[in-house]
Amino acid sequence: MGFDFLEDLQPLSDSELRDVLTQAGMKQGHSLRTIRLLLQNQGPSSHDIPLAVPMHGTASAPALTTKIPSAAPTAPPAPRPIMLAAPTAPSSRADLDVPLLARTSATTATAAAGASADAVSADGYKAPVPPPLTPGAGYSRKGKILLFFATIAVIGAAVAITRPHGRGAPTKLPGIAEVQTLINLRDGNGMSSCKTLGWQCLKSGMTLAEAKACSPDGVTFDSQSGSVSELSLAQCGLTGTIPSFAANTELTYLDLDTNQLTGTIPSFAANTALDHLDLSNNQLTGTIPSFAANTELTYLDLDTNQLTGTIPSFAANTNLDYLDLTYNKLTGPIPSFAANTALETLYLSENQLTGKIPDFSKNLALGVLDLCINQLTGSVPSFAANTVLTKLYLNQNKLTGEIPDFSKNLALQDLRLHENQLTGTIPLFEANTALQVLGLGENKLTGKIPDFSKNLALQDLQLCSNKLTGPIPSFAANTALEYVNLSSNQLTGKIPSFAANTALEELYLSTNQLTGISSWCTDTSDRPDGCNVDVCSSRSRAFLRELPPALRGKHGTVAVN
């Protein structure tokens, strides 16, 4: 419909416009401003539709002109739709000059000759609707104006009804509840050791925009929605319990580690955007809640608390790549992590976990696995599929059986299986050229010490308290060695030279059946101060006389047992 007759509205005064608006059933306050705005803009285009409130009893709102996108954001509740009755054609042009509300009286013969029937809504309200007109086809000025207003009202109602609802709506509440969460955290948990810049500025009833203007330290507001997206208050001296963050639905990052928080871990089911959660180094108790609703979660650190119960399933958290539950009081078996194919780091050490080590062959991204200091039983499974594994800590459990083959784990740097009940011989680690730490002590291993000449990166070798036999091999190629413990075995023969091992700081060879010594520290200038040398056996204290004098001086100490 064209509105080329808008120039007819120009001469009307405000009082005349109000009169016409009243007849059209439209609110005067904002509609008058809308019409004036339209007159300044020379009428609406096909994309700019003035939204008015066409029905009596509908809440008034500021006038606005809005673009109608293909998928508009969520709008406020739509006004009651106008129900149009099929009008009859006007009997004459003169009828158009009669006030609209008078023409719609259905009790007169004049109305039967040409007036429109009133539309009746569900609540009994009669909405006046003008008869159909041909724009600009010889109608009076007032008739054109009424037609113009009614058309705007119908279009405005249609836009409000059809506007889609969804995420990203501009009608989002100002976030008073989100700000109140921050205030509760400040007032209920204290912030004795933290920078509190901007926190005292926060007041109840503040909007997100007002809170952002305070610039509270450790709080990040999303650049688009304005909501709290990140909260980092580590080492702030927080006390009390962790408040609910259910109002902060767009929270992605929460770090409250190293405080004095107590109580249980609240549910974060409402925080579906949560990506990073760190509650470590507190005094939290109770069980670990389910994080099944937090499908975006990639990082979860709950270590060094007093959590009890079993480890829940994290099968729904398929994006999880870091999980740390160490230093708690967790019991029961280790659940399967087969669904967590993105998992890179898993720390479950120093708990009271029982049962067998689960299969990790599906976790191809796994780089660090720490299950030490628990009560795990069974054998050490194969980790041949975990080709990027760099650190494996299974020490101080109750594992039995033989040491599996690690020749496929070329990235392996740190392997600790000590203090278990492993049997059999020590396998070759020739393929593990990146290996730096090998801990196999305090088991029931037998046989000879294998050749480590290919492990040039080896720094720490612990094979003590086994049943190893035979001579000590040469470690001349292992120039990076810093610590060697071969004590409490059944080794025989002479001690080889360690002169090439200039980085060696600790050497333990006691409680064996060694019979002689070779010079291994001929150049005392290469030896570090405080070198700890334990080469003596309680069976042969006379062996002490064969040690180089330099080892008894400032360059080294000798332990005799």
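Filter region 196-224 for residues that are part of a loop (DSSP other than H, G, I, E, B) and of a type in the set (S, T, N, Q); which is surrounded by the fewest Cβ atoms within 10 Å (Cβ to Cβ)? Restricting to residues being part of a loop (DSSP other than H, G, I, E, B) and of a type in the set (S, T, N, Q), the top hit is Ser223. When Leu185, Leu238, Leu279, Leu197 are checked against the criterion of being closer than 30 Å to Ala315 by Cα and of a type outside the set (D, E, K, R), a single residue qualifies: Leu279. Tell me yes or no: at least one residue of region 260-267 is within 20 Å of Glu230 (Cα to Cα), over 15 Å from the mean Cα position of the chain (by Cα) and surrounded by 17 or more Cβ atoms within 10 Å (Cβ to Cβ). Yes, region 260-267 has at least one match.
Considering region 322-370, the qualifying strands (runs of 3 or more DSSP E), each wholly inside and each with 2 or more residues that are of a type in the set (A, V, I, L, M, F, W, C) and within 23 Å of Asp257 (Cα to Cα), run over 368-370. Note on region 461-487: residues that are in a loop (DSSP other than H, G, I, E, B), hydroxyl-bearing (Ser, Thr, Tyr) and free of Cβ contacts under 8 Å to residues at least 40 places away in the same chain total 3.
Note on region 225-254: among residues that are in a strand (DSSP E or B) and among the aliphatic types (A, V, I, L, M), the one that is nearest to the chain's Cα centre (by Cα) is Leu254.
Modelled with pLDDT of 95 or more, within 16 Å of the chain's Cα centre (by Cα) and buried (at least 16 other Cβ atoms within 10 Å of the Cβ): which single residue out of Leu307, Leu330, Leu323 fits that description?
Details: Leu307 fails: within 16 Å of the chain's Cα centre (by Cα); Leu330 fails: within 16 Å of the chain's Cα centre (by Cα).
After ruling out the rest, the residue left standing is Leu323.
Total residues in region 265-284 satisfying the condition of being within 20 Å of Gly190 (Cα to Cα), part of a loop (DSSP other than H, G, I, E, B) and free of Cβ contacts under 8 Å to residues at least 24 places away in the same chain: the figure is 0.
The values are calculated or read from the model by the stated rules, or taken from the named source; none is laboratory data. None of these values were measured; they are calculated from a predicted model. Note: ideal-geometry Cβ built from the backbone for every residue, glycine included; neighbour counts use all protein chains shown.
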